[in-house]
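Participant: Dumping the structure here so I can ask a few things about it.
Values in this text are rule-based calculations from the coordinates and carry no lab data. In this text, all values refer to a predicted model and were calculated from it rather than measured experimentally. All Cβ positions, even for glycine, are placed from backbone atoms using ideal geometry, and neighbour counts span all protein chains on display.
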Amino acid sequence: MLVLCAACGQVDDGVDRSEGADGLRGLELEETFEAADFSLLDTQGDRFDFRAETEGALTLLFFGYTHCPDICPVQLSILDAALTDLAYVQRQQVKLVFVTTDPARDTPARLREWLDGFDTSFIGLVGELDRINEIQGEFRLPPAVIDPPHDANAPDAYYVGHATPIIAITGDGQVRALYPSGIRQSDWQHDLPLLLALNSTAAGASGGQ
Amino acid sequence: MQWWCAAQGIPWSWSWRAYPGVWIFVALLGLAYWRFTRNTHVPPQRRTRFALGVATLWIALDWPVGALGAGYLASIHMVQFLLIALLAPPLLIAGLPTAALQRAASVRGVSRLRPLSNPLIALLAFHAIIIATHWPGVVDGLMGSQLGSLGLDLSWLLGGMLFWWPVISPVPHRPRFPFGVRIGYLIVSTVLMTLPYVFLTFAQLPFYATYELAPPVGGLSAGEDQRIAGLVMRLGGGAILWTAIGVLFWQWYRAENALEV
């Protein structure tokens, strides 16, 4: 199992910026694996079948929560800045799916509002925490852990320990790389064209089968 | 507990935090001033200037400005730079009593430092310090440790003292540089300070990992924060330097008028 969990409150800038075999600065998987086939509700209340909805697109999947004080907003802000720099045609080929690990507080409306603060095209998904943890397991990530409240007078004031990486999945449903916290905009700017090229190759290969 | 503000990577909180190293530093400055001036009559105006200089340093180094600048916002880091390198030094220098400085200048070790007050050397040294201490590798390498952060703050303060000395030149037995030279010196500095401003404001990517990866404060993205940092340097630095230029022009005008009378 990939051990990539970090509770919120710690920024681990342990990113190896030396380029991998195909030049990715993210953590490229030596052996790709099939993305989980799951279904959750989006922020409009509609069912979102992950594999069907993301087929053909380069999908960046992230598990986090809107009250996260550090990792989640930093990861999304950096990724959003890098996505904004992409050409329009390339940008249309990328989907960002954010799954909440804090369904008790992250109502669809709150999640939508929070994601809109970054990019209105970001997709937000909600569901039961047990189910979300199962899905994380299928992506070889550890489950989210709800910490005790950090303010005794406010039972809703708690942190959620969760996996930090953004998962890159090509349009053929293969998990290709992970981007833990510490990834910078320059890293995304370097990797997104490579991931899109990988996505095109994968789409061509799966189309030819 | 930290003794000096450094980047910690923890979420920002508006709860007050103590930085005893800053208090000790400020107290040592006050103590040094007292020892330096205890046998000298110091006009209250000079004491006030020195106290304002120390207060400026205290604001720049302590919570919340020090903590925000050390590990959260590049724009506040730039505010710190302005306070430590451009605002506090002229106040500190203008607060030093001339009689005590005359005594100190006659000490052999101190007199050897005289070449540093040469405007060209001071100008080059100060701007070399600005470039070095705003270099991404240096900032990211130093801001994560308290000693590194202290080193950066001290280099700004010493660089600022070096920079302002030829302008204020409080030692009376040494001839001051002509007004025109001092005004030219400051105008050249406003031009040289444009360089880091351009890099910060118009960069395509965030320069500093420290601020790019820091827990967010105030809803600013790293790019926006960096652009504001550039503007702070340009507008804030410009305001301080052009105010000084204006004061020098006024003094020059009065001096010329006095000669005519």
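Participant: Please pick out the residue among B:Leu150, B:Leu154 that is free of Cβ contacts under 8 Å to residues at least 12 places away in the same chain, of a type outside the set (Lys, Arg) and either assigned to a helix (DSSP H, G or I) or away from chain A (no Cβ under 14 Å) (or both).
Facilitator: Testing whether each residue is free of Cβ contacts under 8 Å to residues at least 12 places away in the same chain, of a type outside the set (Lys, Arg) and either assigned to a helix (DSSP H, G or I) or away from chain A (no Cβ under 14 Å) (or both) leaves just B:Leu154.
Participant: Quick one: B:Gly53 ticks every box in (1) closer than 25 Å to B:Trp135 by Cβ; (2) surrounded by 22 or more Cβ atoms within 10 Å (Cβ to Cβ) except a single one, so which number is it?
Facilitator: Answer for B:Gly53: the failing condition is (1).
Participant: Another question about this same structure. State whether one or more residues within the stretch A:192-205 are in contact with a Leu (Cβ under 8 Å, 6 or more places away or on another chain), within 14 Å of chain B (Cβ to nearest Cβ) and free of Cβ contacts under 8 Å to residues at least 40 places away in the same chain.
Facilitator: no
Participant: In the list B:Tyr197, B:Tyr253, which residue meets the criterion of being hydroxyl-bearing (Ser, Thr, Tyr), more than 14 Å from chain A (Cβ to nearest Cβ), loosely packed, with under 13 Cβ neighbours inside 10 Å and not in a loop (DSSP other than H, G, I, E, B)?
Facilitator: Being hydroxyl-bearing (Ser, Thr, Tyr), more than 14 Å from chain A (Cβ to nearest Cβ), loosely packed, with under 13 Cβ neighbours inside 10 Å and not in a loop (DSSP other than H, G, I, E, B) holds for just one of B:Tyr197, B:Tyr253, which is B:Tyr253.
Participant: Confirm whether B:Gly141 is farther than 25 Å from B:Gly66 by Cβ and part of a helix (DSSP H, G or I).
Facilitator: The answer is no for B:Gly141.
Participant: Take A:Val89 and decide whether it is touching a strand residue (DSSP E or B) at 6+ places or on another chain (Cβ under 9 Å) and within 21 Å of A:Glu55 (Cα to Cα).
Facilitator: no
Participant: Given B:Trp3, B:Trp14, which one is touching a helix residue (DSSP H, G or I) at 6+ places or on another chain (Cβ under 7 Å), over 30 Å from B:Met193 (Cβ atoms) and not in a helix (DSSP H, G or I)?
Facilitator: Going through B:Trp3, B:Trp14 in turn, the sole match is B:Trp3.
Participant: Moving on to the next point. Within the stretch A:136-148, is there a residue that is in contact (Cβ under 8 Å) with a residue 40 or more places away in the chain, within 14 Å of chain B (Cβ to nearest Cβ) and over 14 Å from the mean Cα position of the chain (by Cα)?
Facilitator: Among the residues of the stretch A:136-148, at least one is in contact (Cβ under 8 Å) with a residue 40 or more places away in the chain, within 14 Å of chain B (Cβ to nearest Cβ) and over 14 Å from the mean Cα position of the chain (by Cα), which makes the answer yes.
Participant: Among the residues of the stretch B:225-247, how many are among the charged types (D, E, K, R) and within 19 Å of B:Val65 (Cβ to Cβ)?
Facilitator: Qualifying residue count for the region: 1.
Participant: Could you tell me whether the stretch B:125-139 includes any residue that is touching a helix residue (DSSP H, G or I) at 6+ places or on another chain (Cβ under 9 Å), surrounded by 19 or more Cβ atoms within 10 Å (Cβ to Cβ) and farther than 27 Å from B:Ala6 by Cβ?
Facilitator: Taking every residue of the stretch B:125-139 in turn, none turns out to be touching a helix residue (DSSP H, G or I) at 6+ places or on another chain (Cβ under 9 Å), surrounded by 19 or more Cβ atoms within 10 Å (Cβ to Cβ) and farther than 27 Å from B:Ala6 by Cβ.
Participant: Another question, if that's okay. Which of the residues belonging to the stretch B:200-230 are surrounded by fewer than 17 Cβ atoms within 10 Å (Cβ to Cβ), within 14 Å of chain A (Cβ to nearest Cβ) and in a helix (DSSP H, G or I)?
Facilitator: Correct list: B:Glu224 only.
Participant: Can you tell me which residue within the stretch A:96-105, out of those that are touching a residue at least 40 places away in the same chain (Cβ under 8 Å) and under 16 Å from the mean Cα position of the chain (by Cα), is surrounded by the most Cβ atoms within 10 Å (Cβ to Cβ)?
Facilitator: Ranking the candidates gives A:Val99 first.
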